[in-house]
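**Q** My questions all concern the structure below.
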Amino acid sequence: MEIQIIKDRSALEKYFRRDLPLHLYSLGDLDDFYWPRISCYGNQTEKGLENITPFYRGEGLPVLLVFGDLDLDYLRQLQSLLPDRFYSHMSSGLIKEFSDNYLVTEHGDHFKMALVNFDLIGKTNTDNTFQLTEADLPEVNQLYRESYPDNAFDPRMLESGQYIGIRQQGQLASIAGIHTYSAVYRVAALGNVTTHPDYRGRGFGRAVTARLCQLLESTIDFIGLHVKCENRPALSLYKSLGFRISSVYGEFSLKKSQNRRFSL
């Protein structure tokens, strides 16, 4: 079956809503803000869309999302359309379908989590938090350099207004923001959450995350995030704020092998 780039956002929305916790990021990326950077590969059949694999070209390496029960022949054919290097989030076991054609670097298992209890968000003290703007970009970049250098922050995200911070002694000490946000599709994925090492253990991460969720609640129906399975402090924080684990997936860097053999 021929692989196509699917451009019908209504059909893609229907596909992604079949399992919203799994496809949260992909649904949010249908928003006009992100859509120009997205290519959604897949198959168009009489029954509808199948094997949808969004490919995002943003800051840094492009990112391929490979989630769900996908046809293995489709995944082998897809590889002939992909660049020499990319990053990927994949459901368990699917990375082996790429191992003949790519050198793979593993970045660990991650949990997808969904906010299921908004009551806990409202019980957190957020008095010292404030909403960040584009004017705060230099401070934001400095905080990420010092406390989270491997983050996936895209400066455009500040335009959304969905970034919250705390200052201490005149400097930005903690931040929580979004990877994906869409008031149209009413979904958001939290991300780029960090606290400066000098200020950890004071509850700042909890405060900025709670304030961000409170802000999102007026325009969003579903809030999720992902976190590395071994990051126990973050897991504990998110669970205490009402998030629950919905699935596990792996993250990988892929580089084409000289001995690749694509299946066509």
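**Q** From the residues in the range 210-234 that are free of Cβ contacts under 8 Å to residues at least 40 places away in the same chain and closer than 20 Å to Gly161 by Cβ, which one is farthest from the chain's Cα centre (by Cα)?
**A** Out of the qualifying residues, it is Ser218.
Rundown of residues vs (1) buried (at least 17 other Cβ atoms within 10 Å of the Cβ); (2) under 20 Å from the mean Cα position of the chain (by Cα); (3) of a type in the set (Val, Ile, Thr), yes/no style:
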site: Asn51; (1), (2), (3): yes, yes, no
site: Glu59; (1), (2), (3): no, yes, no
site: Met90; (1), (2), (3): yes, yes, no
site: Thr105; (1), (2), (3): no, yes, yes
site: Asp109; (1), (2), (3): no, yes, no
site: Met113; (1), (2), (3): yes, yes, no
site: Phe118; (1), (2), (3): no, no, no
site: Gly122; (1), (2), (3): no, no, no
site: Thr126; (1), (2), (3): yes, no, yes
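**Q** Take Leu172 and decide whether it is part of a strand (DSSP E or B) and either under 19 Å from Ala114 (Cα atoms) or modelled with pLDDT of 95 or more (or both).
**A** Yes; evaluated as a whole, the condition is true for this residue.
**Q** Now for a different question. When you check Leu27 against the structure, is it modelled with pLDDT of 95 or more, closer than 26 Å to Gln162 by Cα and among the aliphatic types (A, V, I, L, M), yes or no?
**A** yes
**Q** Search the range 1-16 for residues being among the basic types (Lys, Arg) and exposed (fewer than 13 other Cβ atoms within 10 Å of the Cβ), and hand back the single one that is nearest to Tyr74 (Cα to Cα).
**A** Per the stated criteria, the residue is Lys7.
**Q** I'd like the residue in the range 182-192 that is in contact with a Phe, Trp or Tyr (Cβ under 8 Å, 6 or more places away or on another chain) and more than 13 Å from Tyr148 (Cβ to Cβ) and, out of all such residues, is surrounded by the most Cβ atoms within 10 Å (Cβ to Cβ).
**A** If we take residues in the range 182-192 being in contact with a Phe, Trp or Tyr (Cβ under 8 Å, 6 or more places away or on another chain) and more than 13 Å from Tyr148 (Cβ to Cβ), then Ala188 is surrounded by the most Cβ atoms within 10 Å (Cβ to Cβ).
**Q** Can you find, within the range 32-46, the residue that is surrounded by the most Cβ atoms within 10 Å (Cβ to Cβ) among those that are in a loop (DSSP other than H, G, I, E, B) and touching a residue at least 12 places away in the same chain (Cβ under 8 Å)?
**A** Only one residue tops the list, namely Tyr34.
**Q** Do we find that Arg211 is touching a Ser or Thr at 6+ places or on another chain (Cβ under 9 Å), at pLDDT 95 or above and closer than 19 Å to Arg17 by Cβ in this structure?
**A** Taking the combined requirement at face value, the residue does not satisfy it.
**Q** Identify the single condition in (1) touching a helix residue (DSSP H, G or I) at 6+ places or on another chain (Cβ under 9 Å); (2) surrounded by fewer than 13 Cβ atoms within 10 Å (Cβ to Cβ); (3) in contact (Cβ under 8 Å) with a residue 60 or more places away in the chain that Ser80 does not satisfy, given that it satisfies every other one.
**A** The one condition Ser80 does not meet is (1).
**Q** From the list Asp29, Asp19, pick out the single residue that is charged (D, E, K, R), surrounded by fewer than 19 Cβ atoms within 10 Å (Cβ to Cβ) and at negative phi.
**A** On inspection, the qualifying residue turns out to be Asp19.
**Q** Still on this model: For the range 182-209, enumerate the residues that are free of Cβ contacts under 8 Å to residues at least 12 places away in the same chain and touching a helix residue (DSSP H, G or I) at 6+ places or on another chain (Cβ under 9 Å).
**A** Arg200
**Q** Ok, one more. Which of the helices (runs of 4 or more DSSP H) contained wholly in the range 47-166 include at least 3 residues that are among the basic types (Lys, Arg) and under 27 Å from Ser246 (Cα atoms)?
**A** none
The values are calculated or read from the model by the stated rules, or taken from the named source; none is laboratory data. What you are looking at is a predicted structure, and each value in this text was computed from that prediction instead of being measured. We place every Cβ from the backbone using ideal geometry, glycine too, and count neighbours over all the protein chains shown.
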